[in-house]
Amino acid sequence: MIVDEIYNRVRQTVQQYELFQGGESVLVALSGGPDSMTLLKVLADLSAEYRLELVAMHIDHGLRSESAAEAELVRAWCADFGIPCEIRRIDVHAQRQLTGESIQEAARTLRYSVLHEAVESFADVQGPRTWRIAVGHTADDQAETVLYRLLRGTGPSGLVGMAPRRDLIVRPLIGVWREEVLAFCRELNLPYITDASNASVKYVRNRIRHELIPQIESVYNPRFRHALVRLAELLQADETVLEALAHNALYSPELAGEQGTGRARARAAGLDAFPVSIARRVFRLMFHHATGRRGPSFERLEAARVLARKGARGGSVIALGGHAIAVRKGPWIEVWQQ
């Protein structure tokens with residue numbers, strides 16, 4: 001029975017990646033689609049087992065005329081589960097104007113920002129409980145993410161896909177396939193919203209899902225999605241070690257890394273002395289500290305690394321995208337969010 005299989009698969013994921021230690025508060029990101037409704041149902045049924053306290057949050061992107069009505073549907077479904085639900089509306093177009101991102105990228109950036117801000121506000125009110133943010137990404141989402149990044153051009157850090165656990169974010173359904181989610185919903189008669197935009201091939205991610213992957217599986221490898229997921233799993237362990245080395249390097253005496261609101265910096269000479277694989281990851285860490293976002297692109301990152309070389313001119317500036325810049329200031333490399 002697929003229902004029992006999914007519960008067991010989620011338990012394995014929780015144990016393997018230590019998603020919950022027991023006793024956490026969990027903010028469930030609830031779009032109302034089949035993935036997130038399955039996530040809510042599974043976590044609700046496992047909440048006693050892991051001593052979880054659940055709160056749902058639905059984020060209305062305001063991009064479709066029916067979104068407000070869907071938000072109220074989600075609120076009603078949460079009431080049926082006995083789980084409190086908060087509705088937040090975001091302005092994706094304003095975010096896009098601010099950062100220059102695509103509609104989907106801007107929505108993602110703003111969505112995660114709102115989820116993290118909500119956890120901070122809940123923690124202030126409820127006291128020192130450990131919080132997690134649960135999102136409903138499946139194995140199909142993982143495969144699509146890896147292929148999307150490969151097509152855009154990425155390195156090993158991009159091919160790891162989405163981590164089952166990263167900071168506050170946990171993905172309990174990352175080992176479950178979308179077809180299994182739909183079967184779960186059918187067997188339990190679980191309600192969900194069908195977002196028509198998910199079928200539109202005007203978005204690259206949707207073309208990958210509906211056109212590219214099916215074509216590759218029909219012509220070259222019927223288990224292509226599985227191969228992409230396995231690739232991500234293999235690289236995740238390596239990337240975890242490299243990220244830890246980069247974090248230690250940034251705050252080592254050689255780099256004396258510092259960060260503040262909208263900025264980060266490190267010593268140029270020290271950065272230039274580290275192996276390229278570590279130096280690149282240090283730059284990405286600095287970019288993330290300054291902007292809160294992933295990036296920059298490989299080309300911009302390589303241009304910025306030149307600023308760390310001996311003889312680089314003081315005051316030299318490299319645009320990193322999204323209104324962020326890298327600047328050589330005396331012995332320092334600084335990354336700013338303008």
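Only Lys, Arg, Asp and Glu count, each charged at its Cβ (+1, +1, -1, -1), so figure out the dipole size of region 250-298 about its Cα centre, rounded to 20 debye.
Dipole magnitude for region 250-298 comes out near 260 debye.
I'd like the Karplus ³J(HN,Hα) series for region 242-253: coefficients 6.51, -1.76, 1.60, θ = phi - 60°, whole numbers in Hz, and an x wherever there's a Gly or Pro.
5, 5, 5, 5, 5, 4, 5, 5, 4, 9, 7, x
Which shape class applies to region 195-338: rounded if a/c is under 1.5, otherwise prolate when a/b exceeds b/c and oblate if not, where a ≥ b ≥ c are the square roots of the Cα gyration tensor eigenvalues?
Prolate is the answer for region 195-338, as a/c is 1.5 or above and a/b outweighs b/c.
What's the local net charge at Gly22, with K and R +1, D and E -1, over the other residues with C-beta under 10 Å away? Walk me through the numbers before you get to the answer.
Details: positive: Arg51; negative: Glu24, Glu49.
Around Gly22, the charge tally is -1.
Could you please report the charge total around Arg305, scoring K, R as +1 and D, E as -1 over all other residues with beta-carbon less than 12 angstrom from its beta-carbon?
+3
Under a straight-distance cross-link criterion of Cα-Cα below 17 Å, which lysines are reachable from Lys329, leaving out those fewer than 8 residues away in the same chain?
Within the straight-line cut-off, Lys329 pairs with Lys310.
Test of the criteria: in region 276-338, which trypsin sites (Lys or Arg not before Pro) are in a DSSP loop and have at most 15 other Cβ atoms within 10 angstrom of their Cβ?
Those satisfying the criteria are Arg294, Arg309, Lys310, Arg313.
For the chain, what does the equivalent ellipsoid look like in terms of its semi-axes, each the square root of 5 times an eigenvalue of the Cα gyration tensor, given largest first in whole Å?
36, 23, 21
Considering only C-alpha atoms, what is the centroid distance from region 131-195 to region 1-27, in Å?
When both Cα centres are located, 14 Å separates them.
What order do Cys85, Cys78 take when sorted by accessible area (1.4 Å probe), most exposed first?
Reading off the accessible areas and sorting them downward yields Cys85, Cys78.
Roughly how many percent of the accessible protein surface of the chain is carbon and sulfur, given a 1.4 Å probe and a whole-percent answer? Mind showing how you got there, number by number?
Values: 8720 of 16800 Å².
That share works out to 52 percent.
Please give the helix 178-188 orientation as an angle from the longest Cα principal axis of the chain, in degrees from 0 to 90, rounded to the nearest 10.
Tilt relative to the chain: about 30 degrees.
Hey, rough spin-label estimate for Leu190 and Glu72, points 7 angstrom out along Cα→Cβ, what's it come to in nanometres?
My value for the distance between the label points is 2.5 nm.
Would you kindly state how much longer the chain becomes between Phe298 and Thr240 on full extension, computed as 0.36 nm times their sequence separation minus their alpha carbon distance, in nm to one decimal?
Length difference between fully extended and current span is 18.9 nm.
Give, as ranges by residue number, the residues of region 221-262 whose backbone N falls under 13 Å from the point 7 Å along Cα→Cβ of Ala269.
In region 221-262, the label zone of Ala269 (backbone N under 13 Å from the point 7 Å along Cα→Cβ) covers 254-256.
Across region 25-34, in residue order, what do the Karplus-derived ³J(HN,Hα) couplings come to in whole Hz, using 6.51 cos²θ - 1.76 cosθ + 1.60 with θ = phi - 60° and x for Gly and Pro?
8, 10, 8, 8, 6, 10, 6, x, x, x
Can you compute the FRET efficiency between Val306 and Asp167 using 1/(1 + (r/R0)^6), with r the Cβ-Cβ distance and R0 = 35 Å? Round to the nearest 0.05.
0.70
Considering only the other residues whose Cβ falls under 11 Å of the Cβ of Ser31, what net charge follows from Lys and Arg at +1 and Asp and Glu at -1?
Taking every Cβ under 11 Å from that of Ser31, the sum is -3.
When all protein chains stay in place, what accessible area (Å², nearest 10, 1.4 Å probe) is found for Glu120?
Around 120 Å² of this residue is reachable by solvent.
If the label point is 7 Å along Cα→Cβ of Val317, which residues in region 292-309 have backbone nitrogen under 18 Å from it?
Answer for region 292-309: 300-301, 303-308.
Run the simple label-point estimate for Glu120 and His93 please: 7 Å along Cα→C-beta, distance reported in nm.
2.7 nm
If the label point is 7 Å along Cα→Cβ of Glu179, which residues in region 213-245 have backbone nitrogen under 15 Å from it?
Correct set: 213-219, 221-227.
The values are calculated or read from the model by the stated rules, or taken from the named source; none is laboratory data. Note that the structure is predicted; figures quoted are calculated from it, not measured. Here Cβ is always computed from backbone atoms with ideal geometry, including for glycine, and neighbour counts include all displayed protein chains. Heads up: the accessible areas ignore ligands, DNA and RNA and are worked out on the full protein's heavy atoms, side chains in. Shrake-Rupley method; radii C 1.70, N 1.55, O 1.52, S 1.80 Å.
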